[in-house]
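Read the structure below first, then the notes.
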Amino acid sequence: MEKVDIQPEKIFNVSALNRMIQLTIARQIPALWVSGEVSNFTRASSGHWYFSLKDQQAQIRCVMFRMRNQQLDWVPEAGQKIDVFASINLYEPRGDLQLQVDLLRRAGTGILFEAFEALKQKLLLEGLFDEQRKRPIAALPARVGIITSLQGAALQDILSTLQRIMPALPITIYPCMVQGQTAADQIVQALQQAGQHRTCTTLLLCRGGGSLEDLWPFNEERVARAIAASPIPVISGVGHETDITIADFVADLRAATPTAAANLCCTHQDQLRQRLDECFSRIRQYTNQQMRQHEQSTDWLKARLVHPGKRLQAQQATLEQWRTRWHMAEKNLLWQKQQRLNQRQHTLHYLRPSGNVQTAQLTNLQRRLTYAIQHQLANAQQRVNNLSDHTRHLNPLAVLERGYTLTTDTQGNIIHDAIQLHPGDELLLRFARGQASVITSRTIDGND
């Protein structure tokens, strides 16, 4: 310890002495962890905490200012064992020695934290935290299982949240302890029971906030392996937002709180209604589009539809055109042949052939020419006859020549079935030549 140079003739007042002691302590003793039992705990109106830390032989005063203690989510109680990280100082106005606390935790938390980190590293190396092994959460689960305590506030938060976002969702509760020595075994049993039932498609493993000791069942290795072995996807909602457990790392999905876990386990009914409205809107648009296309197709088909009477008239006009073209072709062919014959006769007349040889040749040529003309005329006549037969077969009125009739109503609509008729209807019968008007007395269908 560094010696203080004090001259004998120099006299200090109390304030200077306390100041010197404070500076000496600050230089010689750094901040350190101290363990003890809480006593005389007081929370001042300013928000500062004042208490004593003691063991069986001694005690020391402590202060934890508001800016430090407001970071804790719990308040120490008298008789509770705690660890504090503090610096030693002297409260100069009264000369009281005290610990100024910066950090505070329950006694044994350091050991638990080391165990937490060791298990976390072990399971990480085994691949239990890998994202590839985690399963997706069903957007619309058939049933949700809740693993939590029946007495905890977490269960009521989950139920009220599910009632708000999806009232019709079936729920199964697997009660278990979530704190204490038997909690880990009960959590494992609940997970195994849910896996055996296979009635749920999503499991919620939840509890409210607490200290590291309170949440320790969710840091047990057997609980982590039970979550990993569960055949049903698990959502972990343990503690508050700042609380992290081994169960959070192993679960298929981690929620900050039990309420957040309930929100993540299924799609909100408002979102489903919005999606349904969007689907109905698309269906209406598609249906209207299809109806417009069908209406356009119907109009196009109506434009192409021709009355049978008009079609008969068009076919008759086509037949007359073929007849006219055939007669003209026949006359033209005969005229051309006659012209060739006259030309050759004229040539023969001027050549004035003499002798029997020339006469025989001329006779032979005339005979061959006559034969060729007759042969070509016969072929032309045959083609004309074929064309005539073909046009006659194409004529729809040719059917009427065989004794059939075409039956229509007074508007010209063709009657195809006796079921279209009623007694007293006026009908028109068209024959191969002429037509007649009749009145129906009774109808006989094909079943009579």
Of those in region 257-300 that are of a type in the set (Ser, Thr, Tyr) and farther than 30 Å from GLY237 by Cβ, the residue farthest from the chain's Cα centre (by Cα) is THR298
Every listed condition ((1) modelled with pLDDT of 90 or more; (2) under 21 Å from PHE249 (Cβ atoms)) holds for VAL144 save (2)
Taking the condition surrounded by 19 or more Cβ atoms within 10 Å (Cβ to Cβ), assigned by TED's automatic domain parsing to the domain that holds ARG143, touching a residue at least 12 places away in the same chain (Cβ under 8 Å) and more than 24 Å from ALA168 (Cβ to Cβ), does ALA184 pass? yes
Residue hits (region 199-223; under 21 Å from ALA262 (Cα atoms) and modelled with pLDDT under 90) are GLY208, GLY209, GLY210, LEU215
If we ask which residues in region 403-434 are part of a strand (DSSP E or B), surrounded by 12 or more Cβ atoms within 10 Å (Cβ to Cβ) and not basic (Lys, Arg), their number turns out to be 8
Of (1) basic (Lys, Arg); (2) surrounded by 13 or more Cβ atoms within 10 Å (Cβ to Cβ); (3) out of contact with any helix residue (DSSP H, G or I) (no Cβ under 8 Å at 6 or more places or on another chain), LYS337 fails just (3)
LEU377 fails exactly one of (1) surrounded by 12 or more Cβ atoms within 10 Å (Cβ to Cβ); (2) at pLDDT below 85, namely (2)
Evaluate region 51-63: report whether one residue or more is surrounded by fewer than 18 Cβ atoms within 10 Å (Cβ to Cβ), out of contact with any Cys (no Cβ under 7 Å at 6 or more places or on another chain) and either outside the structural domain of PRO30 (by TED's automatic domain parsing) or touching a residue at least 60 places away in the same chain (Cβ under 8 Å) (or both).
no
Filter region 253-270 for residues that are touching a Gly at 6+ places or on another chain (Cβ under 7 Å) and not aliphatic (A, V, I, L, M); the one that is surrounded by the fewest Cβ atoms within 10 Å (Cβ to Cβ) is THR257
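Looking at VAL238, VAL250, can you tell me which residue is at pLDDT 90 or above, surrounded by 20 or more Cβ atoms within 10 Å (Cβ to Cβ) and out of contact with any strand residue (DSSP E or B) (no Cβ under 7 Å at 6 or more places or on another chain)?
Numbers: VAL238 fails: out of contact with any strand residue (DSSP E or B) (no Cβ under 7 Å at 6 or more places or on another chain).
That would be VAL250, the only listed residue that is at pLDDT 90 or above, surrounded by 20 or more Cβ atoms within 10 Å (Cβ to Cβ) and out of contact with any strand residue (DSSP E or B) (no Cβ under 7 Å at 6 or more places or on another chain).
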Selection from region 414-448 of residues of a type in the set (S, T, N, Q), at pLDDT 75 or above and over 30 Å from TRP322 (Cβ atoms) yields GLN420, SER437, THR440, SER441
Counting only residues that are in a loop (DSSP other than H, G, I, E, B) and touching a residue at least 24 places away in the same chain (Cβ under 8 Å), region 130-151 contains a total of 12
Hey, any hits in region 19-39 for a residue that's closer than 24 Å to LEU215 by Cβ, touching a Phe, Trp or Tyr at 6+ places or on another chain (Cβ under 9 Å) and surrounded by 16 or more Cβ atoms within 10 Å (Cβ to Cβ)? yes
When (1) within 32 Å of the chain's Cα centre (by Cα); (2) not in a helix (DSSP H, G or I) are applied to ALA154, the one that fails is (2)
Note on region 195-222: residues surrounded by fewer than 22 Cβ atoms within 10 Å (Cβ to Cβ), in contact with a strand residue (DSSP E or B) (Cβ under 9 Å, 6 or more places away or on another chain) and not in a loop (DSSP other than H, G, I, E, B) are GLY195, HIS197
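The values are calculated or read from the model by the stated rules, or taken from the named source; none is laboratory data. Fair warning: this is a prediction, and the values are worked out from it, not measured in the lab. When we count neighbours, we look across all protein chains shown, and the Cβ atoms used for this are built from the backbone with ideal geometry, even at glycine.
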